[in-house]
Amino acid sequence: MYWKINRIQFPVYNLGPGKRLAIWVQGCSLACKGCINPELWTENGGKNIEIASLASSILTIKNHFDGITITGGEPFEQYNALVAFGSFIKMKSILNILVYSGFTLEELTKKFPDKLFMNSLDYLIDGRFERDFAVSDNIRGSSNQNFYTFEGGKSVKDNNQFFNGKWSLNVTKANQIFMAGVPKKDDMNSLIGYLKDSGIKLDL
């Protein structure tokens, strides 16, 4: 089984508790206004990665981080791959898995009545990004989004948002910069100004 993935970042120090590995999946039909990753909407980008191979590779470094965050894109539009990956990781490690979805939990339980995702994942942040309801923490995009913990195949609404006020920036070998975190108002302009002042030329 293959999974369409845009990128993987490691390490990431937000988007969940502790030190994390983050996966951005490719493809999203929701197309929320103001989304910070519109390049992930199309299904034409990214790479098809074999799930067992990916999970096995991640597990070789499982002692160096606390959990995995899956975002995108829309992870639940590749439901079988998401559940297969989560199940593989859960069988072989104690890593926790947090997933962002633009669908609400109610929508997900209607779309996937098997509710297998509640056994293969630990945390869910649900709901479409609403630009008019932006919040100041860096774990949610907007205040309508909820945080859930999955325990024993059931969901528990939780107020713990793992907020730490940090970003994570990763630079690729091709000198591309990727940010992990939800920027507050004017954060991106501040970052761009700082990089330019530091002599780093940006191609936006």
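Of the residues making up the stretch 1-42, those that are within 14 Å of the chain's Cα centre (by Cα) and aliphatic (A, V, I, L, M) are Ile5, Ile8, Val12, Leu15, Leu21, Ala22, Ile23, Val25, Ile36, Leu40. Within the stretch 63-85, if we keep just the residues that are within 13 Å of Ala22 (Cα to Cα) and either part of a helix (DSSP H, G or I) or charged (D, E, K, R) (or both), the residue that is farthest from the chain's Cα centre (by Cα) turns out to be Asp66.
If the condition is being in contact with a Pro (Cβ under 8 Å, 6 or more places away or on another chain) and either assigned to a loop (DSSP other than H, G, I, E, B) or at pLDDT 95 or above (or both), then the stretch 1-41 contributes Lys19, Leu21, Val25, Ala31, Ile36.
Going residue by residue through the stretch 34-54, is there one that turns out to be of a type in the set (S, T, N, Q), touching a helix residue (DSSP H, G or I) at 6+ places or on another chain (Cβ under 9 Å) and touching a residue at least 12 places away in the same chain (Cβ under 8 Å)? Checked the stretch 34-54: no residue is of a type in the set (S, T, N, Q), touching a helix residue (DSSP H, G or I) at 6+ places or on another chain (Cβ under 9 Å) and touching a residue at least 12 places away in the same chain (Cβ under 8 Å).
Given the criterion surrounded by 14 or more Cβ atoms within 10 Å (Cβ to Cβ) and more than 15 Å from the chain's Cα centre (by Cα), identify the matching residue among Ser101, Ser155, Ser56.
Only one candidate passes the filter, namely Ser155.
So that you can scan it fast, the table gives a plain yes or no per residue for (1) in contact with an Asp or Glu (Cβ under 9 Å, 6 or more places away or on another chain); (2) at pLDDT below 95; (3) farther than 23 Å from Ser29 by Cβ; (4) in a loop (DSSP other than H, G, I, E, B):
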position: Ile58; (1), (2), (3), (4): no, no, yes, no
position: Gly102; (1), (2), (3), (4): yes, no, no, yes
position: Glu107; (1), (2), (3), (4): yes, no, no, no
position: Asp114; (1), (2), (3), (4): no, no, no, yes
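The values are calculated or read from the model by the stated rules, or taken from the named source; none is laboratory data. Note that the coordinates shown come from a computational prediction; the quantities given were computed from them, not determined experimentally. Glycine gets a Cβ as well: all are built from the backbone with ideal geometry, and neighbour counts include every protein chain shown.
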